[in-house]
Amino acid sequence: MKKLLFWASMCALLLLSVSASTSITGNNLTDDFVFGDPEIASIGELTFGPEGILFIGDTKNATIFAIDTKDVTARDTGDEMNIKGFDDKVAAALGSTVENIKINDMVVNPISKTIYLAVTVTDGTPVLLKMNGEKLENVPLQGVSYSKIALQDPVNADAIDKWERPLRVWAISDLKYHKGKVLVSGLSNKEFGSTFRSIPFPFTDAQDYASLEVWHAAHGKFETHAPIKAFDIINLDNKDYLMASYTCTPLVLFPLDELKGGVHTKGRTVAELGAGNSPVDMISYVKEGKKYFLMSNNNRPVMRFKYETIANFKDTMTETVNEPFVSRGVAYDNLPFPYVLQMDRLDEGNVVYIQRTADGDMTIRTRTTKWM
Amino acid sequence: MDVIRPIKSLKKIKYSLVFFCALLLSIQCKRQKKGGDFELSYQDGKAVAFSIPWEQDSAALQVFLSGEGETPVLGTQTTGDGRYTFKPIVPFLAGQTYELRKKNELLATFTVEHKRGPAPELLAIYPSRDTVPENLLKIYLQFSQPMQEVGEVLNFINVHDLTKAEDVSVFLKLESELWNKTHDRLTLWLDPGRIKTDLIPNREQGLPLNDGHSYTIHISDQWKNAQGIPLSKAYEKQLYVVGRDSKKPNVEAAELEVPKSGTKTPLRLDFKEAMDAVLMRESFHLQSGEGIKVGGEFTVGPREESVYFIPLKAWKKRDYEILIDAKLEDLAGNNLNNLFDTNLEEQLKSNPKTSIKSRTFTID
């Protein structure tokens, strides 16, 4: 009898442990990943999700890829960077010259604090690199564990979609991961139109298309087609907002929980940051207990906003902005960093950025947020 | 011709290298070029690997751009059968010289030959007509080959206002340039913010094109294809700008030329205005009155004003329906549902939207 009880207990333990491990495995974000060659044709935008999963925006394939980098060894701080002639260095690593390469994006793995770079060479070959100290390393795009989702065209309920229409190509303008969803802004190469997608991750067949509407100060009109150039998610008063910036350069807040498929959402314009400019990257950080938001631009210095200033700005800008190139709305500070081409948060206390300096040199630098 | 120069310090290896590139480059399968003991491997016309005889430890071997002191070329290296092989992560660059080094010792240099494929051509600039409205929204450039994927396209395009006798900036600068998948067709937007009435760019800079003005679009012959070969020549297109187009294309008003039954005469639908050249190719579908697809093909007519449908089989006596994607636009970006420059709130109140418009006809 004792033997029977012993073996029954062992069986129960075994079943419990199997059940527990199945349960854990069942919740793994990479369960549906496959191993092989994802056949990535282009890398425009990058963003990291949890567990070292890197999302790649492939405009040519109109597809978002999720790659398991397995780069999950946690570090508190990233490597300090101060490399001049950085474009020369990247080109040399690719056996090429600066006029034949383009750095499309730079992101930091929030776990390992490793810097990743998306680079294109002139024949279109996409390359993913990472920094190991001041050395560049290749991140292979073949023989990887991955999943993917194609960016489908939104289909209207009343559409007669039984005939084959060519898919629109959406140039992916920004990509972020937030609370189980991959958020994608895109721009059509045919009609003047923009989309904002919210895609659950792990990928299923689902993808929501939010219809966003922005009020242009001085316009007197709402606008649905304006393409989002860069965006981030910020939390104000315990509520998540999509902070979207557009070319020429309104800054607009959309409550994230209102962005649902088929729902037309009006944004609240909180700033007009001046014409003749386009936003590039947005990041947030905490300094001395206060949250800040940085935005780099292609024709303005890096702008610094205080979260509390944005939170306290309850108005919607509808006033006419008549003077050329002036800004209105939420106050911000211009930081002395012009021509910042790429920017991301390196770790709790530092930012990493690629900058074209006044003498034309391209540098990659890290800088403490104490001085930002 | 690829060139390799023997280096004194590596006495055991003697290189004599003669490469016959032109013939090999035109072949799309993997080939190897051999010269003495040195091999440069090609795939799809690109130099993807090189190898040399090597019996020693290869751990310290690295490939560099000629003259580069610090950063080696990234790639994979293998040894076997008495050879060392290096495969860069992107193909070696045509015209570039490389060095194989062991620590600081230079072992060999080699130069990859420039490709001799045909020069790319600019096949078309759309709209193909030269008279355009002042609110023209976009133009397309159609090339004969995939073009370079780095650099800014606006560096190769100059627009000159002949009326004002000055160069002008009219196109929207985009970080994500709008190419098709094969990278041989570029979409350029005339700055939409300047076209839409009262937007800040419109107030500050005015319309990109002005009524009554003439312009020359100049395409530089320095624009290269993906293999680094420049356009065979420079190109120019004249634009004569007329007044604003503030009307939506009207499917009902389009002229329909209905063929006779028993013939294969093309069906013609003429909008009497130029439409978007790319959307015209993919916005039409023909079905019978019962909703069955009719075999055949739509082609775009002269100056992108009309489409023709040529049936596979002779027309029958029956009802037909042309389905048209409502996203089809005219040159000003006005689609079948909405004007490009419109007050959205008024638009929402107005006409019900359908994503497909249709036009029916009967062949007796």
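Summary of computed values
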| read-out | value |
| --- | --- |
| Amide proton proximity set for A:SER173, modelled H, under 5 Å, gap of 5+ | A:SER185, A:GLY186, A:LEU187 |
| Ranked packing of A:338-345, B:123-130, B:314-321, A:41-48, most packed first, by mean Cβ within 10 Å | A:41-48, A:338-345, B:123-130, B:314-321 |
| Pair A:LYS287, B:LYS260: separation of 7 Å Cα→Cβ label points (nm) | 8.3 nm |
| Pairs beyond 20 Å (Cα-Cα), from A:LYS102/B:LYS102; B:LYS264/B:LYS317; A:LYS260/A:LYS306 | A:LYS102/B:LYS102; A:LYS260/A:LYS306 |
| Net lengthening on full extension, B:HIS218/B:GLU152 (0.36 nm per residue, minus Cα-Cα) | 22.2 nm |
| Reciprocal of mean inverse Cα separation for region B:103-147 (Kirkwood radius, Å) | 15.2 Å |
| B:LYS138 long-range amide H proximity, modeled H, under 5 Å | B:LEU190 |
| Under-5 Å amide H pairs with A:THR269, H placed in peptide plane, nonlocal only | A:TRP215, A:LEU253, A:MET317 |
| Neighbour-limited loop hits for GluC sites (Glu not before Pro), region B:140-240 (at most 14 other Cβ within 10 Å; DSSP other than H, G, I, E, B) | B:GLU152 |
| Potential extension, B:LEU162-B:LEU312 segment - 0.36 nm per residue separation minus Cα distance | 49.2 nm |
| Calculated log₁₀ intensity ratio I(q)/I(0) where the Debye formula runs over C-alpha points of region A:40-160, q = 0.09, 0.15 Å⁻¹ | -0.28, -0.71 |
| Coil-residue GluC sites (Glu not before Pro) of region B:99-137, DSSP, other Cβ within 10 Å capped at 16 | B:GLU121 |
| Cross-link pairs A:LYS89/B:LYS224; A:LYS135/A:LYS181; B:LYS164/B:LYS327; B:LYS233/B:LYS327; B:LYS247/B:LYS313; A:LYS176/B:LYS87 - those with Cα-Cα distance over 30 Å | A:LYS135/A:LYS181; B:LYS164/B:LYS327; B:LYS233/B:LYS327; B:LYS247/B:LYS313; A:LYS176/B:LYS87 |
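Quick note: the coordinates plus some simple rules give every number you see, no bench work behind them. Predicted, not measured: the structure shown is a model, and the values here were computed from it. Every residue, glycine as well, gets a Cβ built from its backbone with ideal geometry; the counts of neighbours run over all protein chains shown.
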